[in-house]
1. Kindly indicate which of C211, C203 is in the same structural domain as G261 (by TED's automatic domain parsing), in contact with a Phe, Trp or Tyr (Cβ under 9 Å, 6 or more places away or on another chain) and either in a loop (DSSP other than H, G, I, E, B) or modelled with pLDDT under 95 (or both).
2. Identify the residue in the range 1-55 that is touching a residue at least 40 places away in the same chain (Cβ under 8 Å) and part of a helix (DSSP H, G or I) and, among all such residues, is nearest to I85 (Cα to Cα).
3. Check A196, A270, A256 and return the single one that is under 19 Å from P137 (Cβ atoms) and surrounded by fewer than 22 Cβ atoms within 10 Å (Cβ to Cβ).
4. Checking the condition part of a helix (DSSP H, G or I), closer than 24 Å to R178 by Cβ and not hydrophobic (A, V, I, L, M, F, W, C), which residue from H244, H302 passes?
5. Using beta carbons and a limit of 8 Å, which pairs, at least six apart or on different chains, have the first residue in the range 75-96 and over 28 Å from D373 (Cβ atoms) and the second one among the aromatic types (F, W, Y) and not in a helix (DSSP H, G or I)?
6. Filter the range 336-380 down to the residues that are outside any helix (DSSP H, G or I) and farther than 20 Å from G312 by Cβ and list them by number.
7. Suppose the filter is buried (at least 17 other Cβ atoms within 10 Å of the Cβ), touching a residue at least 24 places away in the same chain (Cβ under 8 Å) and within 24 Å of R174 (Cβ to Cβ); does T313 pass it?
8. How many residues, within the range 107-142, are among the small types (G, A, S) and closer than 23 Å to K239 by Cβ?
Amino acid sequence: MDIDEESLAFHERHRGKLATRSKTEIHSMHDLALVYTPGVAAVSKKIAQNPDAAFRYTMKANSIAVVTDGSAVLGLGDIGGYGAIPVMEGKAILFKEFADIDAFPICFEEKTADIVAQIRNLAPVFGGINLEDIAAPRCFEIEDSLQDIGIPVMHDDQHGTAVVVLAALLNACRVLNREFADLRIVISGAGAAGFAIVRLLKCLGIDTKYCSPAGDIIVCDRRGIIHKRRSDLFAQRHKYIIAHETNRAVRTGTLADAMEGADAFIGVSAPGIVTEEMVASMGPNPIVFALANPVPEIMPEHARAAGAAIVGTGRSDYPNQINNVLAFPGIFRGALDAAATQITDRMKLAAAHALADHMNAPTRNRVLPDVLDKRVAYSVARAVQCAANESGCARAWLQSSPP
């Protein structure tokens, strides 16, 4: 039985992967009175007087909604809300396993509806919203429109990826004795993940007191190198920003042209688009993170044969797995512990450095912790919680007296 057949049998046997578990039991009428009427009325009145009290008295303090419209699910594309359910269930399990967060899948099927308004109406019961598998550019619009709802909203495909990539690059620089600020980086892919990586690596919108930008970045999409002279970018706001914040020399051409002499390659695009010749054309001992999944832009053995010093993929069957599970549980754990109103760029930056620092002695084949190391989320969470307090988006009363 292959993994597909085994997974189908597994999901059918369990009828999905999630269930609701009560935190208490009812053995008496007194228990019933506490859990439901009449005792619960006192709690409801308290929260009605001050909605923030929900963080103290309800599940809100430790709950995440995993929200998708099913438009960009894994490598499956636009398979809709129904098809996305098993993936969102799996994401909820990762939240629970790695950060003890209660998460629940919310899968929308109708894409013409106002998803922003629908998500706003979810805010009362959840402590955070994890946007998942939503195609660009809609993902940017949805995330930006929800930053004022009073709880953290983060599109993990963007920011979880960016955090893990930055951490891996920082440790790759430690291994190779390079300065991050001197790196010339090529990114293949200008969608959700590519844009977020650019923002974090270039410190866009982040106080440089806390952030050191990479030397230079060139981003490529299907048409080649993105540069500010391209006339097709005006209708694509995120690519327009990329064009004006990267590629200082205004280089033009193909991905192969961009990679000549580069120090690092980050692929968040398509399988098999990088050749050994392209890697060989890079600078000495280059870094190659080929993250297309399940088939990377170049297979690790080919990248190494072409001279790559450090190679990472999204796969678990090769060294240096660069996986979002190293980031999002800890980011949300820290945000929930701070009862934060947002996840700021400073919190993401703190997460990346905490993840990198979790490795005392990174090596060429181990620039990040093992994805099954459950200590990672709490290292990241502590840093994120501190950054939330410093950013001014934490609800300080939770550490003191009730509201």
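1. Only one candidate qualifies: C203.
2. Here the answer is H11.
3. Residue meeting the stated conditions: A270.
4. Every option except H302 fails the conditions.
5. Short answer, once both residue conditions are applied: G81/F108.
6. A338, A339, A340, T341, Q342, I343, T344, K374
7. So T313 passes the test.
8. Summing the residues that are among the small types (G, A, S) and closer than 23 Å to K239 by Cβ in the range 107-142 gives 2.
The values are calculated or read from the model by the stated rules, or taken from the named source; none is laboratory data. Note that the coordinates shown come from a computational prediction; the quantities given were computed from them, not determined experimentally. Ideal geometry is used to build each Cβ from the backbone, glycine not excepted, and the neighbour counts take in all protein chains shown.
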